[in-house]
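The values are calculated or read from the model by the stated rules, or taken from the named source; none is laboratory data. Predicted model, so just to flag it, every value in this text is computed and none were measured. With ideal geometry, Cβ positions are generated from the backbone for all residues, glycine too; neighbour counts draw on all protein chains shown.
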Amino acid sequence: MSALGPWSRRVVGALAEVVLPVGDGVPPVATHAIVDFVADYVPHMPRLLALLFPVGLMMLELGAFFLAPSLVPFSAMSLARRRRYVDGWVHARWRLRRDLIKAVKGLCLLAYYSDARVGAKLGYTVESHVADVSAERLRRHAQHI
């Protein structure tokens, strides 16, 4: 069972479509993969954060009625309208809105950059990075072992 219900998953998917990189040569990652990653991540959050995460998504979704203003919720807006709405959250005067959007946006981008195809396109492989870091730590701290 997913940590996020269908309603929360829809909001995360709508946000992912706004914040993920697009353009020529940018590896696409399916929105459902981003949503699955975020849903799988939520149970690993501190308990209070995991409980409040769907509330924050609800603020993003229903805030569109008051903050956009819009006759439809965030997830039903056109992509261009969602981009403007999210930009309003990013630059909001109210810190809670800015922090919430940064957190959810960060999870979406973490999911994106965790995809193996994106890492390959960037020339980053986890295994070689871990080997390089391990070798460097051994070199630096060999006298303490």
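Pull up region 88-103, narrow it to residues that are touching a helix residue (DSSP H, G or I) at 6+ places or on another chain (Cβ under 6 Å) and part of a helix (DSSP H, G or I), then point me to the one that is surrounded by the fewest Cβ atoms within 10 Å (Cβ to Cβ).
Of region 88-103, the ones touching a helix residue (DSSP H, G or I) at 6+ places or on another chain (Cβ under 6 Å) are 89-90, 92, 97, 100-101.
Filter once more, keeping what is part of a helix (DSSP H, G or I): 89-90, 97, 100-101.
Numbers: Trp89: 22, Val90: 13, Arg97: 19, Leu100: 21, Ile101: 24.
For region 88-103, the residue satisfying everything is Val90.
Could you tell me which numbered condition Thr31 fails, if it satisfies all but one of (1) polar (S, T, N, Q); (2) farther than 23 Å from Val118 by Cα; (3) in contact with an Asp or Glu (Cβ under 7 Å, 6 or more places away or on another chain)?
Tallying (1) polar (S, T, N, Q); (2) farther than 23 Å from Val118 by Cα; (3) in contact with an Asp or Glu (Cβ under 7 Å, 6 or more places away or on another chain), Thr31 fails exactly one: (2).
State yes or no: is Phe65 more than 25 Å from Thr125 (Cα to Cα) and of a type in the set (Phe, Trp, Tyr)? Reasoning before the result, please.
On the way: more than 25 Å from Thr125 (Cα to Cα): yes; of a type in the set (Phe, Trp, Tyr): yes.
So Phe65 passes the test.
Take the residues in region 117-136 that are part of a helix (DSSP H, G or I) and surrounded by 12 or more Cβ atoms within 10 Å (Cβ to Cβ); name whichever of them is nearest to the chain's Cα centre (by Cα). Don't jump to the end; show me each part of the working.
First, the residues of region 117-136 that are part of a helix (DSSP H, G or I): 117-122, 126-136.
Of the ones still in play, those that are also surrounded by 12 or more Cβ atoms within 10 Å (Cβ to Cβ) are 118-119, 121.
On the way: Val118: 15, Gly119: 16, Lys121: 20 Å.
Going through the qualifying residues, I end up with Val118.
Select, from Leu100, Leu138, the only residue that is modelled with pLDDT under 95 and either β-branched (Val, Ile, Thr) or closer than 21 Å to Pro6 by Cβ (or both). Before you say what the answer is, go through the steps one by one.
Working: Leu138 fails: either β-branched (Val, Ile, Thr) or closer than 21 Å to Pro6 by Cβ (or both).
When all the criteria are applied, what remains is Leu100.
Would you check if there is a residue in region 78-91 being hydroxyl-bearing (Ser, Thr, Tyr) and free of Cβ contacts under 8 Å to residues at least 40 places away in the same chain?
Applying the first criterion (hydroxyl-bearing (Ser, Thr, Tyr)) to region 78-91 yields 78, 85.
Now restrict to residues that are free of Cβ contacts under 8 Å to residues at least 40 places away in the same chain: 78, 85.
So far as region 78-91 goes, yes, one or more of its residues are hydroxyl-bearing (Ser, Thr, Tyr) and free of Cβ contacts under 8 Å to residues at least 40 places away in the same chain.
Scan region 120-133 and report the pairs whose first residue is free of Cβ contacts under 8 Å to residues at least 24 places away in the same chain and farther than 18 Å from Gly25 by Cα and whose second residue is surrounded by 10 or more Cβ atoms within 10 Å (Cβ to Cβ) and among the β-branched types (Val, Ile, Thr), with Cβ atoms within less than 6 Å and a gap of 6+ or a chain change.
Once the first residue is free of Cβ contacts under 8 Å to residues at least 24 places away in the same chain and farther than 18 Å from Gly25 by Cα and sits in region 120-133, no partner that is surrounded by 10 or more Cβ atoms within 10 Å (Cβ to Cβ) and among the β-branched types (Val, Ile, Thr) comes close enough.
Only one of Val18, Val38, Val29, Val12 is in contact with a Leu (Cβ under 8 Å, 6 or more places away or on another chain), surrounded by 14 or more Cβ atoms within 10 Å (Cβ to Cβ), outside any helix (DSSP H, G or I) and of a type in the set (Val, Ile, Thr). Can you tell me which?
Details: Val18 fails: outside any helix (DSSP H, G or I); Val38 fails: outside any helix (DSSP H, G or I); Val12 fails: outside any helix (DSSP H, G or I).
None of the others qualify; the one that does is Val29.
I'm trying to understand the selection: among the residues of region 47-87, which are outside any helix (DSSP H, G or I) and modelled with pLDDT of 95 or more? It would help to see each step written out before you state the result.
Keep residues of region 47-87 that are outside any helix (DSSP H, G or I), which gives 68-73, 77-78.
Hits for region 47-87 are Leu71, Val72, Pro73, Met77, Ser78.
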